[in-house]
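Reviewing the structure listed below.
Just so it is clear, none of the values below were taken in a lab; they were calculated from the coordinates. This structure is a prediction, so every number in the text was calculated from the model and none was measured. Positions of Cβ are generated from backbone atoms using ideal geometry, with glycine treated the same way; all protein chains shown enter the neighbour counts.
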2 protein chains.
Amino acid sequence: MSDDVKIFLNEEDIPKQWYNIVPDLPNQPPPPLGPDGKPIKPEMLSKVFPMNLIEQEVSQERWIDIPEEILEILYRWRPTPLRRARYLEKYLDTPARIYYKDESFSPPGSHKPNTAVAQAWYNKEFGIKKLTTETGAGQWGSALAFSCKLLGLGCKVYMVRISFDQKPLRKNMMQIWDANCIPSPSNETKVGREVLEKTPDTPGSLGIAIAEAIEEAISDESGETRYSLGSVLNHVLLHQTIIGLEAKKQLKIAGESNPDIVIGCCGGGSNFAGLSFPFLYDKINGQEMTIIPTEPTACPTMTRAPYSYDFGDSAGQTPLLAMYTLGHSFVPPPIHAGGLRYHGMAPLVSQGIKDGLLEPRSLDQVKCYESALLWARTEGYICAPETSHAIACVIDEAKKAKEEGKEKVILFNYSGHGLMDLAGYEKFLSNELVDFSLPEEDLKKSLKSIEGLPKPNNK
Amino acid sequence: MSDDVKIFLNEEDIPKQWYNIVPDLPNQPPPPLGPDGKPIKPEMLSKVFPMNLIEQEVSQERWIDIPEEILEILYRWRPTPLRRARYLEKYLDTPARIYYKDESFSPPGSHKPNTAVAQAWYNKEFGIKKLTTETGAGQWGSALAFSCKLLGLGCKVYMVRISFDQKPLRKNMMQIWDANCIPSPSNETKVGREVLEKTPDTPGSLGIAIAEAIEEAISDESGETRYSLGSVLNHVLLHQTIIGLEAKKQLKIAGESNPDIVIGCCGGGSNFAGLSFPFLYDKINGQEMTIIPTEPTACPTMTRAPYSYDFGDSAGQTPLLAMYTLGHSFVPPPIHAGGLRYHGMAPLVSQGIKDGLLEPRSLDQVKCYESALLWARTEGYICAPETSHAIACVIDEAKKAKEEGKEKVILFNYSGHGLMDLAGYEKFLSNELVDFSLPEEDLKKSLKSIEGLPKPNNK
């Protein structure tokens, strides 16, 4: 029984190229638009991102080489193991075989450093000395802090003030990795000062933090500072495909030809896309497969929102992206899965949904915590609240396989551990957690913020 | 450069037997004594531990088979990787090759479940339904909670009250794994009620918590409850030798014949012994090797205390053990390495020190945090405060190798991650941490508690 509990790859078998799904999509996503409503040109982003990453953002190449220096850093924890959830299977008495790609063993504890390392490296290569970013609960900020330290870049993280005050653990992590982590809004930017003047007691928001991080990057007159984003954009998803490429090799070692079902939780889309896009390639090419991005009922971007152009931030400063969106004014309820509280969805994931290739599903957080607890008590590991949104769906599918008597192969992305988020478990165990399914009137209200914005006219 | 950053073993290469060092020791440790001052008989412990573990405690067999059912559980994270600290080596510009056995990837995050799983399994095999234990900071309690849940045993953890109140994370972990974790002193035992009556505001102590856990175990009239200890005893150290046995195989794969230096931090002795005893066998048989157990200057059991009989708990209820001891009334200063705040030392480790086979060293916590920070900023991972006491010594030895121009092979035990202990790092980064080297007068005072106790008269 033990022989396939963990499937490792040798270091020499790590993928040497990332997979870019763009040229393989049946329909191309509409281009990002500038303030004038016209497609933005790459150079318009050059004060925000370095040109080598902008080139990746718009690339039509299917395969992009991973620089050896990036692989050297990833080797610290990659290739990650593919594991089989034998104990959960046994508990559920299901004929399904459940595999999970374990991204929790990176130093910051999630899949995030796959792109953080790559972004830091490309910035360094371009001559950049310092990166700025925002962070909510801190998963992304700590991954970027880690990556910048290893590559010798400075790192400034604007952390949403309420998280900065209430969740000191991730802030401590960032400080251990030598990043300058400050609460947002801050007095260090024009945007921050304006907000503080009007509302000195504001808890802050991701939108404000993004605006501060971008302002600091573009206003550095030395030209040596850039901004870094942890999800949503094409190049971020690209860097995460190493997950799915490894998983493909490992499934073969496990003797499986193909997964029947691929599942990942979806906030901005990066961990889901990282695992699923290499498999989506097979689906586009005729392989039968169900690919499910999951989200909270409290933030139902993929299951209840329209497909529209919208801003990536709540302040309306970014280019307009074509995506499923709850509207950039959307304020998500305080669910514990902080990484899934985003109003939009990666344009590439959105395109896949629009084309019927992906079958999104929403789950409420109480059910997700039940699943996380069952996971901890069978498999032994404690998952992140975000990851529990994948596990809850896996359990549903494994039960369905039992009802149908089918030997399905289910693969999902174990995107991170929950050791920095134990407080949510405590609330669940104390029966203090509630569901936050989005009321229809709140959705309508939030969607007003995209009225008047251009509508994408692709297929 | 990447090819030996991580060295894995296949599951089929996991050791199938534990190594018992007792028959190989040049001098036998003196036997534990009962309240009458005479060597205790195994059956006198039968209300505390199951007989199958008591047999292991007194075994003279060199090799003891590991039951397949225990291996099945250990496979979730074992064999653990042996890693090479290439990045720290590079930073130190040392000719030393530094390897570390990474025990941080178990679900509770340390080496502790190696014995917790084994103890739970043997108790279950013996017909026991529930285990009781004490825990300080919570590392051991969470490992036992995890193990009992996977094996279907009940688990009751008496957690020192001040930790219960101030360190909720580990308590949450235990609850996730379904253990009943309560603050000690409690109203659930006679001992606890007596303490609470006299000192209702007491912060508690490990000694009280041990006394409560033992009382609950031995007073269960059904006979289905036993007590479990996470370090110090022979059978606990035995279960940890899987660490060193794996490391031996992995060093060979890395092309190293033998380590020159083996290092582990030492509280009760289990992680240190687990790594080092299989190598100590070679040293006893003529291999040149320096084996260093490290401890805090705040709790200098091995470097400043006498070798004497003493109680294992501060209440004086356990058998008398022959060991280096600061006296059972010793109250350690509030250093962050909670797992190293124990007044005594495992009798087997003590015997090794007495016979000159082990060369203990003490380190102050500020230096240890400096080392932990350097580790996080080079190797990338955040270590436990206990583990930093090994790393600080590793750095000293690597610098010495540089001065001497010698290509030494240094091996140490990375006993656990620090993700549940980030507060200590924050204090260090804020310059709020101080050294707590034990003042001579405090040592003298504490040693009064062993006056009048029998003196071991072995060599």
In nm², the average projected area of the convex hull spanned by the Cα atoms of the range A:77-138 is 6.3 nm²
Dipole in debye (nearest 20) - the range A:228-321, about Cα centre, beta carbon charges: Lys, Arg +1; Asp, Glu -1: 140 debye
Semi-axes, largest first, in whole Å: what does sqrt of 5 times each Cα gyration tensor eigenvalue give for the range A:107-148? 18, 11, 7
Amide H neighbours of A:Leu453 under 5 Å, at least 5 residues apart or on other chains, H built in the peptide plane: list them. none
Amide H neighbours of B:Tyr309 under 5 Å, counting only residues 5+ apart in sequence or on other chains, H built in-plane at 1.01 Å? B:Met323
Apply the a/c threshold of 1.5 to the C-alpha gyration tensor of the range B:330-459 and tell me whether it is rounded, prolate or oblate. oblate
By average C-beta atoms within 10 angstrom, highest first, the peptides A:420-431, A:5-16, A:322-333: A:322-333, A:420-431, A:5-16
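Calculate the mean, over all residues of peptide B:312-325, of how many other protein chain Cβ atoms lie within 10 angstrom of the residue's Cβ.
0
Using a Förster distance of 22 angstrom, determine the FRET efficiency expected from the C-beta separation of A:Val331 and A:Glu440, and round it to 0.05.
0.85
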Degrees separating the helix B:365-378 axis from the principal Cα axis of chain B, which is the longest one: 50 degrees
Computed ³J(HN,Hα) along the range A:308-319: with the Karplus parameters 6.51/-1.76/1.60, θ = phi - 60°, integer Hz and x for glycine or proline, the list is 7, 6, 7, 6, x, 10, 7, 8, x, 9, 7, x
The range A:158-312: C-alpha pair distances exceeding 21 Å, %: 62 percent
If one compares the long axis through the Cα atoms of helix B:385-404 with the longest principal axis of the Cα atoms of chain B, the angle in degrees, nearest 10, works out at 30 degrees
Starting from the Cα of A:Glu69, step 7 Å along the direction of its Cβ; do the same at B:Ser219; then give the gap between the two resulting points in nm. 6.6 nm
P(r) tail fraction, the range B:265-316 - alpha-carbon pairs more than 18 Å apart, %: 48 percent
What is the Cα centroid distance between the range B:229-273 and the range A:33-102, reported in whole angstrom? 38 Å
Please compute the Cα-Cα pair-distance distribution of the range B:75-195 with 10 Å bins starting at 0, giving whole percents from short to long. 13, 35, 27, 15, 8, 2
Among DSSP bridges having both ends in chain A, what percentage is antiparallel? Round to the nearest 5. 35 percent
How big is the Cα convex hull of the range B:222-321 in projection, averaged over all directions, in nm²? 9.0 nm²
Relative contact order, percent, of the range A:142-278 when contacts are C-alpha pairs under 8 Å separated by at least 6 residues? 18 percent
Which residues among the range A:372-396 fall inside the zone where the amide N is under 19 Å from a point 7 Å beyond the Cα of A:Asp93, along Cα→Cβ? A:374-375, A:378-379, A:395-396
Provide the packing ranking of B:212-220, A:239-247, B:66-74, B:286-294, i.e. peptides ordered by the mean count of other C-beta atoms within 10 Å per residue, highest first. A:239-247, B:212-220, B:286-294, B:66-74
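Take every DSSP beta bridge with both residues inside the range B:295-449 and express the antiparallel ones as a percent of the total, to the nearest 5. Let's see the in-between values first.
Working: 6 of 8 bridges.
Counting DSSP beta bridges with both partners in the range B:295-449, the antiparallel share is about 75 percent.
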Between A:Glu451 and A:Lys16, what is the spin-label point distance in nm, taking each point 7 Å from the Cα along the Cα→C-beta axis? 5.7 nm
Please state the Cα pair-distance histogram of chain B with 10 angstrom bins from zero: what percent is in each bin? 4, 22, 34, 28, 10, 2, 0
The range B:120-175: trypsin sites (Lys or Arg not before Pro) in DSSP loop, at most 16 other beta carbons within 10 Å: B:Lys129
If each part is reduced to its alpha-carbon centroid, the range A:287-331 and the range B:388-417 end up apart, in Å, by 50 Å
Sort A:Val157, A:Val22 by Cβ crowding within 10 Å, fewest neighbours at the top. A:Val22, A:Val157
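Let me spell out the model: positive unit charges on the Cβ of Lys and Arg, negative unit charges on the Cβ of Asp and Glu, origin at the Cα centre of chain A. What dipole size does that give, in debye rounded to 20?
The dipole magnitude comes to about 240 debye.
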With the 8 Å Cα cutoff and a minimum separation of six or more residues, chain B has a relative contact order in percent of 19 percent
Which length gain, in nm to one decimal place, applies between B:Asn27 and B:Glu188 when the Cα-Cα distance is subtracted from 0.36 nm times their residue separation? 53.7 nm
Distance between modelled label sites at A:Asn258 and B:Glu370, nm, 7 Å Cα→Cβ extension: 6.0 nm
Amide hydrogen neighbours beyond the local backbone of A:Thr290, cut-off 5 Å, H modeled: A:Ile261, A:Val262
Taking chain B as a whole, which cysteines find no other cysteine Cβ under 4.7 angstrom from their Cβ? B:Cys181, B:Cys265, B:Cys266, B:Cys299, B:Cys368, B:Cys383, B:Cys393
Any chance you could give the angle, 0 to 90 degrees and rounded to 10, that helix B:270-284 forms with the longest Cα principal axis of chain B? 60 degrees
Tabulate in residue order the Karplus-calculated ³J(HN,Hα) for the range B:91-103, using 6.51 cos²θ - 1.76 cosθ + 1.60 with θ = phi - 60°, rounded to whole Hz; enter x for Gly and Pro. 4, 7, 6, 9, x, 5, 9, 9, 10, 9, 8, 8, 8
To the nearest whole number, what is the average tally of beta carbon atoms from other chains within 10 Å of the beta carbons of peptide B:245-257? 0
What size of dipole, in debye to the nearest 20, comes out for the range B:323-450 about its Cα centre when the only charges are +1 on Lys and Arg C-beta atoms and -1 on Asp and Glu C-beta atoms? 220 debye
Mind checking the mean number of beta-carbon atoms from other chains within 10 Å of the Cβ atoms in B:376-383? 6
Nearest 0.05, what FRET efficiency do A:Gln287 and A:Lys129 give at R0 = 51 Å with Cβ-Cβ as r? 0.65
Can you compute 3J(HN,Hα) from phi for each residue in the range B:436-450, using the Karplus curve 6.51 cos²θ - 1.76 cosθ + 1.60 with θ = phi - 60°, rounded to whole Hz and x for Gly and Pro? 10, 3, 5, x, 4, 5, 5, 4, 4, 5, 5, 5, 4, 5, 9
Going by the alpha-carbon gyration tensor, a ≥ b ≥ c the square roots of its eigenvalues, is the protein assembly as shown rounded (a/c under 1.5) or, if a/c is not under 1.5, prolate (a/b greater than b/c) versus oblate? prolate
